[in-house]
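Encoded as structure tokens, the structure appears first; notes follow it.
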Amino acid sequence: MKEDFDLRKLAQRTEAVVSLSAIEHNINNIRSRLGDSVEIMAVLKGDGYGHGEKGIYPTLKKCGVERYAVAVWEEGASLRKAGAVEPILLLGDTCDGQLENLIKYNLTPTIFSLDTAQKLNLLAKWSGVVQPIHIKIDTGMSRIGFSADESSIPVIKKINEMRNLKITGAFTHFSRADEKDGKCATQQFERYLNMISMLEAEGIEIPCKHVANSPAILLRPETQLNAVRAGDILFGLCPIDEQEWEKENFRQVMSWYTYVAMVKTVPPGTEVGYGGTFVTKRETKIATIPVGFADGFSRKLSNIGKVMINGEEAPIIGRICMDQFMVDVTDIEKVNRGDTVALLNDKLSVLWMADLLDANVDEIVCGISKRVPRIYEY
């Protein structure tokens, strides 16, 4: 990020600026923690956690990222259209009517039922291909996946025998990998390893074994296996205890800017915004900002949030509207129409906003709407 971020000149109403150099830094940080043969699977679900998968893919490729994971087939297709040739895993479900898209875009689905495997095998046979799949094992998340016990072995054996499907990996997902004592993560890891041992004893080969998500990459090096799934930390988003996170040397990738649309001075006793939820107690200089909750700037920031103008903090006053909100700039000198406003930056971080809203960091970046252009810079 540029140190003079508050002086940034915008070419449009608002811009979410994605730092490609920060992504490179974060990938190098991740690599420094991995064994020589461990691959990075970049998790780009939610359109790259709101950063735009097409915009960041060239940088990820340049950095040698070996694998990708998304949530749904549409994200995988978008990544293919951006030029991705690497394996792309779908972490979520694909409904029956869209299974053919997995074959069309060479996407690797997560399989956790015999029924889906049978339907996909038939489609693959008609298409004349052998379709790669990953097996999902539920070790304690209680979301999707085969049970991590003997009852699942016969079903997975049937899937392994299907001529037009090929098991190329198996994984699980930690539900509490961020906890310091690691007890729950250790139990899940042991269940996963036991399940893999049972499958391999039945002659089922699992080429790619992956369980480590972002917090596990930081706290559980023993879970690295063949690959790790880097999501939050790829974008400099905190997945662990905040104090510990400050020591990990990751960089926030996204900043968000807009500008001052109007400046006016009002007398004491003036109501501001819908419902008059803020009333001025002094002569107040108000700046109107042309961004609102339709852009993903949460309405919950009303009367508690702040922005930065000319390097100084300006508190939000009144309710945030769909497309605008107001801030108090009485104590900031020389605020004019057109001055740059920082909504998120290295001082007003994603983590700061998430804490203020009692939200998850992913909610903040994924919530920035499509009408906010993503600008990619080194």
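Just so it is clear, none of the values below were taken in a lab; they were calculated from the coordinates. This is a predicted model, so every value here is computed, not measured. Neighbour counts run over all protein chains shown; Cβ positions are idealised from the backbone, glycine included.
What to note about this one:
- Those strands (runs of 3 or more DSSP E) of region 277-323 in which 3 or more residues are within 22 Å of residue 12 (Cβ to Cβ) and not charged (D, E, K, R) occupy 284-289, 306-309.
- Residues in region 276-321 that are at positive phi and small (Gly, Ala, Ser): 276, 296, 311, 318.
Residue-by-condition table, conditions (1) within 30 Å of residue 48 (Cα to Cα); (2) among the aliphatic types (A, V, I, L, M):
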| position | (1), (2) |
| --- | --- |
| 331 | no, no |
| 334 | no, no |
| 337 | no, no |
| 345 | yes, no |
| 348 | yes, yes |
| 352 | yes, no |
| 361 | yes, yes |
| 366 | yes, no |
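- Comparison of 72, 85 shows that the only residue that is within 18 Å of the chain's Cα centre (by Cα) and within 26 Å of residue 133 (Cα to Cα) is 72.
- Sole exception among (1) touching a helix residue (DSSP H, G or I) at 6+ places or on another chain (Cβ under 8 Å); (2) within 30 Å of residue 139 (Cβ to Cβ) for residue 59, by number: (2)
- Flag if residue 102 is in contact with a helix residue (DSSP H, G or I) (Cβ under 8 Å, 6 or more places away or on another chain), closer than 30 Å to residue 62 by Cα and surrounded by 16 or more Cβ atoms within 10 Å (Cβ to Cβ): yes
- Options 176, 163, 191, 143; residue that is charged (D, E, K, R) and either in a strand (DSSP E or B) or buried (at least 17 other Cβ atoms within 10 Å of the Cβ) (or both): 191
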